[in-house]
1. Which one of these is part of a helix (DSSP H, G or I) and modelled with pLDDT of 75 or more: 31, 6, 37?
2. For region 40-61, give me each residue that is assigned to a loop (DSSP other than H, G, I, E, B) and either charged (D, E, K, R) or surrounded by 14 or more Cβ atoms within 10 Å (Cβ to Cβ) (or both).
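The values are calculated or read from the model by the stated rules, or taken from the named source; none is laboratory data. Please read these numbers as outputs of a predicted model, since none were measured by experiment. Here Cβ is always computed from backbone atoms with ideal geometry, including for glycine, and neighbour counts include all displayed protein chains.
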Amino acid sequence: MRTAFLMLFIFIFSFTFSSCVTHVRSQPSKLVVIHKLPKTHKVVYIKGHRYYKWNGKHYRKTRKGYVIDKGLVNFKCF
(Lines give C-alpha, C1' and ligand atoms only; values in the text may rest on other atoms or scores of the structure.)
Protein backbone atom coordinates (compact mmCIF):
# COMPACT_ATOMS: atom_id res chain seq x y z
CA MET A 1 0.00 0.00 0.00
CA ARG A 2 2.80 2.37 0.87
CA THR A 3 4.48 1.76 -2.49
CA ALA A 4 1.26 2.47 -4.40
CA PHE A 5 0.74 5.69 -2.44
CA LEU A 6 4.33 6.73 -3.14
CA MET A 7 3.95 5.98 -6.88
CA LEU A 8 0.67 7.93 -6.99
CA PHE A 9 2.28 10.85 -5.18
CA ILE A 10 5.25 10.89 -7.60
CA PHE A 11 2.88 10.68 -10.58
CA ILE A 12 0.74 13.61 -9.38
CA PHE A 13 3.79 15.63 -8.33
CA SER A 14 5.52 15.20 -11.69
CA PHE A 15 2.49 16.43 -13.66
CA THR A 16 1.47 19.33 -11.45
CA PHE A 17 4.89 20.92 -11.08
CA SER A 18 6.22 20.36 -14.57
CA SER A 19 6.66 23.36 -16.80
CA CYS A 20 4.17 24.05 -19.53
CA VAL A 21 6.55 24.41 -22.43
CA THR A 22 5.19 26.13 -25.49
CA HIS A 23 6.92 26.79 -28.76
CA VAL A 24 7.50 30.48 -29.32
CA ARG A 25 8.02 31.41 -32.93
CA SER A 26 10.00 34.58 -33.49
CA GLN A 27 8.76 37.00 -36.11
CA PRO A 28 11.17 37.96 -38.88
CA SER A 29 12.51 41.44 -38.50
CA LYS A 30 11.00 44.15 -40.70
CA LEU A 31 14.14 46.22 -40.24
CA VAL A 32 15.64 47.54 -43.44
CA VAL A 33 19.33 48.37 -43.32
CA ILE A 34 20.70 50.94 -45.73
CA HIS A 35 24.45 50.63 -46.09
CA LYS A 36 25.09 54.01 -47.69
CA LEU A 37 22.98 57.15 -47.38
CA PRO A 38 22.34 59.26 -50.48
CA LYS A 39 24.25 62.50 -50.85
CA THR A 40 21.08 64.56 -50.38
CA HIS A 41 20.56 63.54 -46.73
CA LYS A 42 20.47 66.12 -43.93
CA VAL A 43 22.04 65.71 -40.50
CA VAL A 44 19.66 66.75 -37.69
CA TYR A 45 20.06 66.67 -33.93
CA ILE A 46 16.99 65.79 -31.88
CA LYS A 47 17.31 65.82 -28.09
CA GLY A 48 21.08 65.52 -28.37
CA HIS A 49 21.05 62.55 -30.73
CA ARG A 50 22.24 62.63 -34.32
CA TYR A 51 19.80 61.50 -37.00
CA TYR A 52 20.02 61.52 -40.75
CA LYS A 53 16.91 62.77 -42.56
CA TRP A 54 16.20 61.72 -46.09
CA ASN A 55 12.95 61.37 -48.02
CA GLY A 56 10.89 62.40 -44.97
CA LYS A 57 12.29 59.63 -42.74
CA HIS A 58 14.78 59.76 -39.90
CA TYR A 59 17.61 57.24 -39.90
CA ARG A 60 20.09 56.44 -37.17
CA LYS A 61 23.53 54.96 -37.61
CA THR A 62 24.27 51.40 -36.45
CA ARG A 63 27.21 49.05 -36.93
CA LYS A 64 25.60 47.44 -39.96
CA GLY A 65 24.37 50.63 -41.62
CA TYR A 66 21.48 53.06 -41.25
CA VAL A 67 18.04 52.05 -40.02
CA ILE A 68 14.73 53.92 -39.87
CA ASP A 69 13.92 55.16 -36.37
CA LYS A 70 10.28 54.21 -35.77
CA GLY A 71 9.98 56.62 -32.83
CA LEU A 72 10.50 59.63 -35.09
CA VAL A 73 8.06 58.75 -37.87
CA ASN A 74 5.73 61.68 -37.18
CA PHE A 75 8.33 64.01 -35.71
CA LYS A 76 8.55 67.43 -37.34
CA CYS A 77 11.81 69.33 -37.13
CA PHE A 78 12.05 72.90 -38.37
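1. 6
2. Restricting attention to region 40-61, the residues satisfying the condition of being assigned to a loop (DSSP other than H, G, I, E, B) are 40-41, 47-48, 55-56.
Result: 41, 47.
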